[in-house]
Amino acid sequence: MSGNAFGHLFRFTTFGESHGPAIGCVVDGVPSRIPLSEADIQVWLDQRKPGQNRFTTQRREADEVKILSGVFEGLTTGTPIGLLIENTDQRSKDYGDIKDTYRPGHADWVYQQKYGIRDYRGGGRSSARETAMRVAAGAVARAVLNALVPGGVSLRGAMVQMGPHAIDRTRWDWAETRTNPFWCPDAAAAQHWEGYLDGIRKAGSSIGGIVEVVAEGVPVGLGAPVYDKLDADLAKAMMSINAVKGVEIGAGFDAAALTGEDNADEMRMGADGKVNFLSNRAGGILGGISTGQDVVVRLAVKPTSSILTPKKSVDAHGAEVEVSTKGRHDPCVAIRAVPVAEAMMACTLADHLLRFRAQSGGF
């Protein structure tokens, strides 16, 4: 299997399966002498780990990261950084009933067709368990961004829609994302979502959502035409996350309904002699190159296919069956996609920052 690495100069490769002994990654390309510790990584992993409330899978994983290489006396050495997380709460027996059955909406059947073998224990390599290592790599990327970008880069994510229920953007408050289990910036919406998702969860069903990630402090000049556009790489980064089915930058699909006058981000000179944009429908990227404005990305996350409702399928013997997935699953996987999307944004920006330095020498 190829395709386990992401990035060019800042590059990470993940390994491991959902129910294997451990998962891990190797992060390569990190400059030397950047402060980094396990605590710097753990703080972000703690935001993603399962079992923190009734609205996420009840699998209990500590997700404690170990730095195996690439750091000495609190500083990166410039060599590959090895990271490892042990799996401690696998319940492989939960998947015994589907050993020979393909779950609708999952990758079971295509894995079997492509490789002739599949790990049925929680999806193996296709499980969202792998995303813990993306968050770990993202923590390293944040350290790179904060060390090399004057003033640092702020990366924040929020859930802006659950099922058909969207937030009211006039009530947006970043502080609220830390006070509810949904990363929701709208207190009233979060309160409504709680009752709504409780009903979904008790019915053994699931629902999708939309996540928005905003990066502030991104310098001008990241990204390059024609095939290395920053927005193109961000789209790939987000689409690589489990259950993501759509990505948009800035105004995104809404731009199709705008006129040229409405869509244009007009410019004026500021008192400080710098160019000011009067709007940000481009999402901080023009021609594939960052403008210095906030980089804004949204991603649509489908409902998890692991539900109690019986669904029509087939098994490995060609028989038609009905499948009801037991075990511990997220009623809305978009919730835990927020820190993962932040991590993929961080990795993409760090990669393009190092490419910018290599080509242009700095800011």
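The values are calculated or read from the model by the stated rules, or taken from the named source; none is laboratory data. Keep in mind that what you see is a predicted model, and the values were worked out from it rather than measured. A quick note on method: Cβ atoms are made from the backbone with ideal geometry, for glycine too, and the neighbour counts reach across all protein chains shown. We work out accessible area using only protein heavy atoms, side chains counted, and drop any ligands, DNA or RNA first. Shrake-Rupley method; radii C 1.70, N 1.55, O 1.52, S 1.80 Å.
Cys332: part of a loop (DSSP other than H, G, I, E, B) and hydrophobic (A, V, I, L, M, F, W, C), yes or no?
Yes.
Could you grab me the full set of residues in the stretch 295-313 that are more than 21 Å from Ile335 (Cβ to Cβ) and surrounded by fewer than 17 Cβ atoms within 10 Å (Cβ to Cβ)?
Residues satisfying the conditions are Pro310, Lys311, Lys312.
For the stretch 143-157, which residues satisfy the criterion of being under 24 Å from Val333 (Cα atoms) and either aromatic (Phe, Trp, Tyr) or crowded, with 22+ Cβ neighbours inside 10 Å (or both)?
Leu155, Gly157
Output yes when any residue across the stretch 269-278 is in a loop (DSSP other than H, G, I, E, B), touching a Cys at 6+ places or on another chain (Cβ under 8 Å) and either hydrophobic (A, V, I, L, M, F, W, C) or within 18 Å of Gly138 (Cα to Cα) (or both), and no when none is.
We begin by selecting, within the stretch 269-278, every residue in a loop (DSSP other than H, G, I, E, B); these are 270-274, 278.
If we keep only those that are touching a Cys at 6+ places or on another chain (Cβ under 8 Å) too, we end up with none.
Checked against the condition, which is being in a loop (DSSP other than H, G, I, E, B), touching a Cys at 6+ places or on another chain (Cβ under 8 Å) and either hydrophobic (A, V, I, L, M, F, W, C) or within 18 Å of Gly138 (Cα to Cα) (or both), the stretch 269-278 yields no hits at all.
Can you work out which of the residues in the stretch 331-344 that are among the hydrophobic types (A, V, I, L, M, F, W, C) and farther than 15 Å from Ile210 by Cβ is surrounded by the fewest Cβ atoms within 10 Å (Cβ to Cβ)? Can you show your working first?
First, pick out the residues of the stretch 331-344 that are among the hydrophobic types (A, V, I, L, M, F, W, C): 332-335, 337-338, 340-341, 343-344.
So of that shortlist, the ones also farther than 15 Å from Ile210 by Cβ come out as 343-344.
Working: Ala343: 32, Met344: 30.
Checked the stretch 331-344; the qualifying residue surrounded by the fewest Cβ atoms within 10 Å (Cβ to Cβ) is Met344.
Are any of the residues in the stretch 198-214 exposed (fewer than 15 other Cβ atoms within 10 Å of the Cβ), at pLDDT 95 or above and assigned to a strand (DSSP E or B)?
No, the stretch 198-214 contains no residue that is exposed (fewer than 15 other Cβ atoms within 10 Å of the Cβ), at pLDDT 95 or above and assigned to a strand (DSSP E or B).
Is it true that some residue in the stretch 345-358 is surrounded by fewer than 18 Cβ atoms within 10 Å (Cβ to Cβ), at pLDDT 90 or above and closer than 26 Å to Gly221 by Cα?
Scanning the stretch 345-358 turns up at least one residue that is surrounded by fewer than 18 Cβ atoms within 10 Å (Cβ to Cβ), at pLDDT 90 or above and closer than 26 Å to Gly221 by Cα.
Table: residues versus (1) touching a residue at least 60 places away in the same chain (Cβ under 8 Å); (2) open to solvent by 20 Å² or more (accessible area, probe 1.4 Å).
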| residue | (1), (2) |
| --- | --- |
| Gly250 | no, no |
| Thr259 | no, yes |
| Arg268 | no, yes |
| Ala271 | no, yes |
| Gly284 | yes, no |
| Ile289 | yes, yes |
| Gly318 | no, yes |
| Ser324 | no, yes |
| His329 | yes, yes |
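Could you tell me which of the residues Trp172, Trp193 is more than 18 Å from Ala346 (Cα to Cα), open to solvent by 50 Å² or more (accessible area, probe 1.4 Å) and not polar (S, T, N, Q)? Walk me through how you get there before you give the answer.
Working: Trp193 fails: open to solvent by 50 Å² or more (accessible area, probe 1.4 Å).
Just a single option satisfies the conditions, and that option is Trp172.
Out of (1) assigned to a helix (DSSP H, G or I); (2) more than 20 Å from the chain's Cα centre (by Cα); (3) not β-branched (Val, Ile, Thr), what's the single condition that is false for Met133?
Every condition holds for Met133 apart from (2).
Out of Arg178, Arg118, Arg134, I need the residue that is free of Cβ contacts under 8 Å to residues at least 12 places away in the same chain, open to solvent by 10 Å² or more (accessible area, probe 1.4 Å) and under 19 Å from Thr14 (Cα atoms). Which one?
Arg118
Would you confirm, using the coordinates I've provided, whether Ala128 is surrounded by 20 or more Cβ atoms within 10 Å (Cβ to Cβ), closer than 30 Å to Val26 by Cβ and in contact with a Cys (Cβ under 6 Å, 6 or more places away or on another chain)?
Here the answer is no, as Ala128 does not meet what is asked.
Would you be able to tell me the number of residues in the stretch 266-283 that are closer than 19 Å to Lys229 by Cα and more than 19 Å from the chain's Cα centre (by Cα)?
Number of matching residues: 3.
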